[in-house]
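Peer 1: Dumping the structure here so I can ask a few things about it.
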Amino acid sequence: MKKLIVMLMVVAFVATAAVAMAQDKGPAVIKLTNKGTVTFNHTAHQAAATCDDCHKSTANHPADTAKCSSCHRKSDSKADKKAYKKAMHKNCIDCHKAANKKNGDKKAPTGCKKCHVK
C-alpha cells in the first residue's frame, strides 16, 4: 500500500510539473527597440510555428536558449551587432517569405518599415 501511495505521489508531481512547463510559453508580446520599435506578437507566432522554429535546438543552438542575443550578440562590438542582425533577419524574414508563399498572400511582413515602426 505504501508503494502505491508513493507511486501515485510521484505521478502527480511529474504531471503537475509537465502542465506547469507546458503553460509557460513566455510573454504574450515582446518589444524590441532598435531602429524603431518592433512589436513582436509572441502569442500569434506560437499559433503559427513551433518553439523550435525560432528557438533553435541543435548542436549550435541549445534548446534552453531564450533569446537570439544570448549567443548572437555577446557584446556591443560592431561584429556582434552585425551577427545578431543577420541571425534575426534570416530567421524572421525567411520564415515570413515561406509563410507568404505557402498562403499565397503577403500578410507576413518582409520589409523594414513593416516591423521597425518609428
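Peer 1: For a quick check: with amide H placed at 1.01 Å from N, whose amide H comes under 5 Å from Phe40's, ignoring anything fewer than 5 positions away on the same chain?
Peer 2: Placed amide hydrogens put Ile30, Lys31, Leu32 under 5 Å from Phe40.
Peer 1: Oh, and also: Write down, largest first, the equivalent ellipsoid semi-axes of the stretch 28-115 in whole Å, where each equals the square root of 5 times an eigenvalue of the alpha-carbon gyration tensor.
Peer 2: Whole-Å semi-axes of the equivalent ellipsoid: 22, 17, 13.
Peer 1: Of Asp53, Asp80, how do they rank once you tally other Cβ atoms within 10 Å and put the fewest first?
Peer 2: Taking fewest neighbouring Cβ atoms as first place, the list is Asp53, Asp80.
Peer 1: What nm distance separates the two modelled labels at Thr37 and Lys107, each placed 7 Å from Cα along Cα→Cβ?
Peer 2: 2.5
Peer 1: With a cut-off of 8 Å between alpha carbons and a minimum separation of six or more residues, what is the relative contact order of the stretch 28-115 in percent?
Peer 2: Over the stretch 28-115, the number comes to 16 percent.
Peer 1: Here is a further query. Tell me, Met1, Met88 in order of fewest to most beta-carbon neighbours within 10 Å?
Peer 2: Ordered from fewest to most neighbouring Cβ atoms within 10 Å, Met1, Met88 come out as Met1, Met88.
Peer 1: Distance cut-off 27 Å, Cα to Cα: go down the list Lys56/Lys81; Lys31/Lys74; Lys74/Lys102; Lys78/Lys113 and report the pairs above it.
Peer 2: Lys74/Lys102
Peer 1: To continue, here is another question. So, in nm, how far is label Ser75 from label Ala48 when the simple model puts each one 7 Å beyond its Cα toward the Cβ?
Peer 2: Here the answer is 3.6 nm between the modelled labels.
Peer 1: If you add up the charges near Lys74, with Lys and Arg at +1 and Asp and Glu at -1, over every other residue whose beta carbon is less than 11 angstrom from its beta carbon, what do you get?
Peer 2: 0
Peer 1: Does the stretch 78-118 come out rounded, prolate or oblate by the C-alpha gyration tensor, with a ≥ b ≥ c the root eigenvalues, rounded set by a/c under 1.5 and, if not, prolate when a/b is larger than b/c and oblate if not?
Peer 2: oblate
Peer 1: Would you list Ser75, Ser70 from fewest to most Cβ contacts within 10 Å?
Peer 2: Fewest-to-most ranking of Ser75, Ser70: Ser75, Ser70.
The numbers here are math on the coordinates, done by the rules we state, and not lab data. This one's a predicted model, so the numbers in the text were calculated from it and none came from an experiment. Positions of Cβ are backbone-derived with ideal geometry, glycine not excepted, and every protein chain shown enters the neighbour counts.
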